[in-house]
Amino acid sequence: MLDAYFTGSVPQLIERSRELTAKIPRNLPRAYDALAQTARSRLNNLIAQFGSLIEDQRLLDKSLRPERLRKFKRLVSELDTLEATAILALRKAQDEDHRLNDLLERITKEIAYPAVTPTVTTLSRDYFYIFPEFRLLFVPLVEGHFLLHLPDLYHELAHPILVEENDPIIEPLQHSFSKCLDECISYVQYETQKLQRRKSPVRSEYMLGTWERSWIRSWLSEFYCDVFALITAGPAFAWSHLHLAIKRGENPFVVPTVSASSHPADDARMRVLLATLALLGLRQESIDIQNAWRCFTGSLGVKAEPEYFWCYPDELLKKISTYAVSGATQIGVHVFSPSEKGTVTSVLNAAWGQFWTHPGSYVQWEKKAVEKLLEAKC
Amino acid sequence: MSDTGLYSGLYTKVRDVAALIDEVLMSAKLGSSSSTDSERNKLATQLAAVAAPTDFPTNYFSAVIKDMGSGLDLKSLVATLQTSQSLSQAVICDLELLASTLESERTRMLSKMRGR
């Protein structure tokens, strides 16, 4: 059955890959060249790999059926992902995307971003996210018309840096990440040992195991991306975090008890941002943001349980801030200065200033500022 | 707030190592594996990095393997891959376990990336 299935479906998948190659537009601005080339080369590679599923004589051996099936599934997943991300983004690219690509190019130059500038697409279905493999950054359809969430672009820029391989320029940040992760794991393991000595309930030990998995799998990378964004975008990123938490956040003190969570608690993220603002010497901004955050969390009707402070102790969060600042500055990114003028970052920070000082007229101000930022440059 | 960015960078790594393990398994099962195979050496290098993680992807891998709960001795597996001329049935079993674990992890990550 399996041989017949592959004989029928593989040529169809090869044809699908060829069709997708034909769908790559030929008339896009240069900002899309890298993405188009990546897509084209991945499709060619997929065509060769699909072919090997029916041409490689070794794979006809019955003992290799699991390997052959797993390979088939991996290739289909890659084709699906390519079609739904890179090819779709290229196919649907329009003026809105072009303007955001110009903006991101300016941002990466301003902050001395040490990697290839990603391509932006406005096809996001879920806020901001990035596919490091294709260097493709998704933002919501009309996000380019507004300023207050744009500091999250800087957070997304950090994700590819953490997984980039064999780049000595970027390695200091990755090494600091690794040392910091050791600190996080050591903390959880020390707490676990204390529990074991006290013969505490197994449930608590299980919960600590969940925290350890969360730190390793995702939490620390989120904290690092936050600190990278704060260093490069300034206080505007912390305001943006507050903005997102008010609009879409859940309980900011949530702690996972059963299965690992992908994102750390919003309040813990803000505590790291506040510690980083203090490290950067932006004390007044830190006070203003902390007051606004306390007002927000105090209005939610929820409070932090003891487990929250156990999971995210102050000392550990401050260490994360210190390690991440050290790593980011070692890779040479431009650190935000309140005195800078004429940069995208300065406009994003000015937007938050305007939002708080003149909330009633902010929308009108923002329209003009966006027009100036995207069309006429700063 | 999305899981996509978080997982998509690591997904590539998981997928590529999974492909490497399958290549080594194929040679081992067909009795054509040797310590000079480039795939075997690449896999040994990757697994050695996971055994002593120094960055985000290798730490992630290390956690995935730890979660297998099989007590797999990664350092011993690396040494076998580097030095043994042929791979024993026990080593093939270890590699099969790794392959199926990574396949589960790959599909789990893919679901997260697609917002499911």
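Place a point 7 Å from Cα of A:VAL76 in the direction of its Cβ. Which residues in the stretch A:23-52 have their backbone N less than 19 Å from it? Within reach of a label on A:VAL76, which here means backbone N under 19 Å from a point 7 Å along Cα→Cβ, the stretch A:23-52 contributes A:43, A:46-52. For B:GLN85, project a label point 7 Å along Cα to C-beta. Then give me every residue of the stretch B:29-56 with its amide nitrogen under 15 Å of that point. In the stretch B:29-56, the label zone of B:GLN85 (backbone N under 15 Å from the point 7 Å along Cα→Cβ) covers B:31-37. Just checking the listed ones, A:LEU136, A:LEU13, A:LEU317: in the Gaussian network model of chain A with Cα springs under 10 Å, the one fluctuating most is A:LEU13. Neighbour counting of Cβ atoms within 10 Å sorts the residues A:LYS73, A:LYS319, A:LYS247, fewest neighbours leading, into A:LYS247, A:LYS73, A:LYS319. Cβ-to-Cβ counts within 10 Å put A:ASP3, B:ASP22 in ascending order as A:ASP3, B:ASP22, the fewest first. Amide H to amide H distances under 5 Å link A:TYR129 with A:PHE138, where only residues 5 or more positions off or on other chains count and H is placed in the peptide plane. Helix-derived [θ] at 222 nm for the protein assembly as shown: sum -39500 (n - 2.57) over DSSP H runs of at least 4, divide by residue count, nearest 500? So the helix-based figure for the protein assembly as shown works out to -22000 deg cm²/dmol.
For the stretch A:2-92, what is the convex hull volume of its Cα atoms per residue in Å³? Provide the component values of the computation, followed by the final result.
Values: hull volume 7.2 nm³, N = 91.
In the stretch A:2-92, the Cα hull volume divided by residue count equals 80 Å³.
Among the listed pairs A:LYS23/A:LYS71; A:LYS109/A:LYS341; B:LYS13/B:LYS112; A:LYS71/B:LYS42, those with a Cα-Cα distance over 21 Å are A:LYS23/A:LYS71.
Looking at the stretch A:325-378, which trypsin sites (Lys or Arg not before Pro) are DSSP coil and have at most 12 other C-beta atoms within 10 Å of their C-beta? Those satisfying the criteria are A:LYS341, A:LYS377.
Efficiency by 1/(1 + (r/R0)^6): what FRET value for A:GLU375 and A:LYS341, r their Cβ-Cβ distance, R0 = 22 Å, to the nearest 0.05? So the FRET efficiency works out to roughly 0.70. Can you tell me the FRET efficiency between B:SER104 and A:ARG125 if r is taken as the Cβ-Cβ distance and R0 is 22 Å, rounded to the nearest 0.05? Once the sixth-power term is evaluated, E becomes 0.30.
Any idea what diffusion coefficient the stretch B:4-110 gets from Stokes-Einstein, in µm²/s, Kirkwood Rh on alpha carbon pairs, 25 °C, 0.890 mPa s?
176 µm²/s
How much length would be gained if the chain were fully extended between A:LYS247 and A:LEU2, taking 0.36 nm per residue of separation minus their Cα-Cα distance, in nm to one decimal?
Numbers: separation 245, 0.36 × 245 = 88.20 nm, distance 5.01 nm.
Roughly 83.2 nm would be gained on extension.
Going from the fewest other Cβ atoms within 10 Å to the most, the residues A:PHE355, A:PHE237 appear in the order A:PHE355, A:PHE237.
The string of couplings for the stretch A:172-177 from the Karplus curve (6.51, -1.76, 1.60, θ = phi - 60°) is x, 5, 5, 5, 5, 4 Hz, one whole number per residue in order, with x for Gly and Pro. Spin-label model, A:ASN291/B:ILE92: points 7 Å from Cα along the beta carbon direction are separated by 7.2 nm.
Note on A:PHE309/A:GLN57: beta-carbon distance plugged into 1/(1 + (r/R0)^6) with R0 of 45 Å gives a FRET efficiency of 0.15. The alpha-carbon positions of chain A define a convex hull whose volume is 173 Å³ per residue. Calculated on the Cα set of the stretch B:14-68, radius of gyration then Dmax: 12.1, 35 Å.
Once the Cα-Cα distance is subtracted from the 0.36 nm per residue extended length, the A:LEU141 to A:GLN354 segment shows a gain of 74.3 nm. Extension gain for A:ASP95 to A:GLN364 (0.36 nm times residue separation, less C-alpha to C-alpha distance): 94.6 nm.
Phi angles of the stretch A:108-118 translate, via the Karplus equation with coefficients 6.51, -1.76, 1.60 and θ = phi - 60°, into HN-Hα couplings of 5, 5, 4, 8, 6, 4, x, 9, 5, 5, x Hz per residue; Gly and Pro are given as x.
Oblate is the label for the stretch A:154-376, because the ratio a/c of its alpha-carbon gyration tensor axes (a ≥ b ≥ c) is 1.5 or higher and a/b is not greater than b/c.
In straight-distance terms, cross-link reach from A:LYS194 covers every one of the lysines whose alpha-carbon lies under 22 Å from its own, apart from those fewer than eight places away in the same chain; here that gives A:LYS319, B:LYS66.
Rule-based calculations on the coordinates, nothing more; no lab input. The structure displayed is predicted, hence computed values, not measured ones. Note that we place each Cβ from the backbone using ideal geometry, even for glycine, and neighbour counts take in every protein chain shown.
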